[in-house]
Amino acid sequence: MSGKRPTLADVAGRAGTSTAVVSYVLNNGPRPVSDFLRAKVLRAIDELNYRPDVRARALRRSRRWRQIGLLVPDLTLPLFGQFVGRIEVEARARDHLTLIGNTGYDPERELEFATAFTEVGVDGLLVVGAANAPETAKLCQQERIPVVWMHNIRGEVEAEIVGVDHVKAGELLARHLLDTHGCRDVAFVGGFTQADVRLGDRETVQQRFEGVAAVIGRDVPVIRTDLTPEGAYAAVAEYLVPGQRIPRALVVGTYGQSAATNRAIADAGLRVPDDIRVVGFDGAATDYGRLRLTVAQQPVDALARLALGRLLGEAQPVEVLDPSLRIGDTCGCGPGQI
């Protein structure tokens with residue numbers, strides 16, 4: 001056998017029958033096939049390892065359900081899990097099933113998933129936190145598949161991004177620390193260079209840092225991490241060694257690092273928020289941790305509706321939505337401490 005994929009005609013030739021009969025066997029009709037001839041066709045299918053062309057079958061068959069592809073960078077992070085859940089609900093309400101690929105911020109894996117989704121015949125692709133936007137956009141253009149970008153992207157594409165103003169999110173938190181608590185002694189936890197972060201959302205973190213720096217000043221210290229919880233814990237623990245000046249507040253660049261940051265503070269013998277105030281971004285709308293984190297929150301439901309509407313050709317304005325401030329305990333506004 002060559003590397004060529006067997007066709008319906010190959011099966012018919014091996015079974016000594018017509019392609020129509022093979023089709024009747026595969027689709028269980030519309031015309032009857034004798035048991036003897038059906039057995040010959042099934043044997044030929046097994047011998048050739050024949051697999052029906054899913055895209056061709058989808059084109060021939062009327063269907064209620066259509067399909068979209070959804071690429072996300074990390075399903076373990078609450079924000080992206082919320083995006084997936086909301087997009088799936090919105091898509092199902094419009095008779096669309098959602099195929100999900102977890103890219104891990106890996107450019108090659110992102111393109112691999114995008115290619116696979118085009119091969120099964122998705123009607124559009126929605127990419128959250130793209131790590132390989134130019135190549136993914138090129139593929140979608142070649143396949144004539146609409147694509148919509150969410151949250152942030154790596155690389156340049158000629159398209160708007162459905163998301164919030166991350167600079168404004170950083171400004172929102174810094175302004176709260178400064179205006180409400182009189183706190184200018186702030187350090188930023190995160191990484192936004194390629195040396196800091198290989199597989200992670202460094203673009204968003206940099207934009208958030210720019211917002212903090214615009215309010216507090218360009219000399220805001222950066223506690224550099226690779227954006228993992230382990231990296232955040234190690235970096236913050238090293239920064240809080242005895243004898244060094246302790247900042248009055250920390251702005252944590254991603255929600256995934258916030259618990260590790262709080263743990264590092266506690267392990268250093270310090271308390272949140274009495275010794276160090278902590279603020280961050282996103283997270284679950286309902287937080288049952290010992291202390292609720294004060295965050296700049298994205299409007300997940302509105303973003304999901306906007307992105308899916310644009311993907312499906314609904315009239316949707318191009319706009320960048322604003323984050324909102326969700327007050328918790330870790331900034332000093334609430335009663336708790338750890």
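Among the conditions (1) open to solvent by 50 Å² or more (accessible area, probe 1.4 Å); (2) within 30 Å of Gly217 (Cα to Cα); (3) of a type outside the set (Val, Ile, Thr), the only one that Arg109 does not satisfy is (2). Whether a residue is touching a His at 6+ places or on another chain (Cβ under 7 Å), on the phi < 0 side of the Ramachandran plot and of a type in the set (Ser, Thr, Tyr) was assessed, and Thr204 passes this test. When region 313-338 is filtered for residues that are more than 21 Å from His181 (Cβ to Cβ) and modelled with pLDDT of 90 or more, the ones remaining, listed by number, are Leu321, Asp322.
Out of Lys138, Lys168, which single residue is more than 30 Å from Pro221 (Cβ to Cβ), among the basic types (Lys, Arg) and either part of a helix (DSSP H, G or I) or open to solvent by less than 10 Å² (accessible area, probe 1.4 Å) (or both)? Let's see the steps before the verdict.
On the way: Lys168 fails: more than 30 Å from Pro221 (Cβ to Cβ).
Only one candidate passes the filter, namely Lys138.
Remark: pairs (first residue in region 181-192, more than 18 Å from Glu203 (Cα to Cα); second residue aromatic (Phe, Trp, Tyr); Cβ separation under 9 Å; 6+ apart in sequence or on different chains) = Ala187/Tyr239. Residues of region 90-106 that are open to solvent by 60 Å² or more (accessible area, probe 1.4 Å) and part of a helix (DSSP H, G or I): Arg92, Ala93. If Val128 satisfies all but one of (1) closer than 26 Å to Leu312 by Cα; (2) open to solvent by less than 20 Å² (accessible area, probe 1.4 Å); (3) assigned to a helix (DSSP H, G or I), what's the number of the condition it fails? Of the numbered conditions (1) closer than 26 Å to Leu312 by Cα; (2) open to solvent by less than 20 Å² (accessible area, probe 1.4 Å); (3) assigned to a helix (DSSP H, G or I), the odd one out for Val128 is (3). For region 32-51, state whether one or more residues are closer than 21 Å to Val120 by Cα, basic (Lys, Arg) and part of a loop (DSSP other than H, G, I, E, B). Yes, region 32-51 has at least one match.
Under 7 Å by Cβ, and 6 or more places apart or on different chains, what pairs join a residue from region 193-206 that is closer than 15 Å to Gly155 by Cβ and open to solvent by 30 Å² or more (accessible area, probe 1.4 Å) with one that is of a type outside the set (Phe, Trp, Tyr) and not in a loop (DSSP other than H, G, I, E, B)? Final answer for the pair search is Glu203/Asn152.
Considering each of Ala137, Ala114, Ala169 in turn, give the residue that is of a type in the set (A, V, I, L, M, F, W, C) and in contact with a Pro (Cβ under 8 Å, 6 or more places away or on another chain).
On the way: Ala137 fails: in contact with a Pro (Cβ under 8 Å, 6 or more places away or on another chain); Ala114 fails: in contact with a Pro (Cβ under 8 Å, 6 or more places away or on another chain).
Going through Ala137, Ala114, Ala169 in turn, just one is of a type in the set (A, V, I, L, M, F, W, C) and in contact with a Pro (Cβ under 8 Å, 6 or more places away or on another chain): Ala169.
The lone criterion from (1) in a helix (DSSP H, G or I); (2) buried (at least 21 other Cβ atoms within 10 Å of the Cβ) left unmet by Val122 is number (1). Only residues that are of a type outside the set (D, E, K, R), open to solvent by 70 Å² or more (accessible area, probe 1.4 Å) and not in a loop (DSSP other than H, G, I, E, B) were counted in region 1-31, giving 1. Checked against the criterion of being among the acidic types (Asp, Glu) and assigned to a loop (DSSP other than H, G, I, E, B), the candidates Asp179, Asp274 yield just one match: Asp274.
Matching residues to (1) aliphatic (A, V, I, L, M); (2) touching a strand residue (DSSP E or B) at 6+ places or on another chain (Cβ under 6 Å); (3) open to solvent by 40 Å² or more (accessible area, probe 1.4 Å):
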{"site": "Arg175", "(1), (2), (3)": "no, no, yes"}
{"site": "Val212", "(1), (2), (3)": "yes, yes, no"}
{"site": "Val220", "(1), (2), (3)": "yes, yes, no"}
{"site": "Thr228", "(1), (2), (3)": "no, no, yes"}
{"site": "Val241", "(1), (2), (3)": "yes, no, yes"}
{"site": "Ile265", "(1), (2), (3)": "yes, no, no"}
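The set of residues from region 80-111 being of a type in the set (Gly, Ala, Ser) and over 12 Å from the mean Cα position of the chain (by Cα) comprises Ala91, Ala93. Only one of the listed residues (Asp275, Asp282) is among the acidic types (Asp, Glu) and either closer than 26 Å to Val128 by Cβ or touching a Phe, Trp or Tyr at 6+ places or on another chain (Cβ under 6 Å) (or both). That residue is Asp282. Just checking, does region 230-237 include any residue being of a type outside the set (D, E, K, R) and outside any helix (DSSP H, G or I)? No, because not a single residue in region 230-237 is of a type outside the set (D, E, K, R) and outside any helix (DSSP H, G or I).
The values are calculated or read from the model by the stated rules, or taken from the named source; none is laboratory data. Everything numeric here is computed off the predicted structure, so don't read it as measured data. Neighbour counts run over all protein chains shown; Cβ positions are idealised from the backbone, glycine included. What goes into the accessible areas is simple: the full protein's heavy atoms, side chains included, and nothing from ligands, DNA or RNA. Shrake-Rupley method; radii C 1.70, N 1.55, O 1.52, S 1.80 Å.
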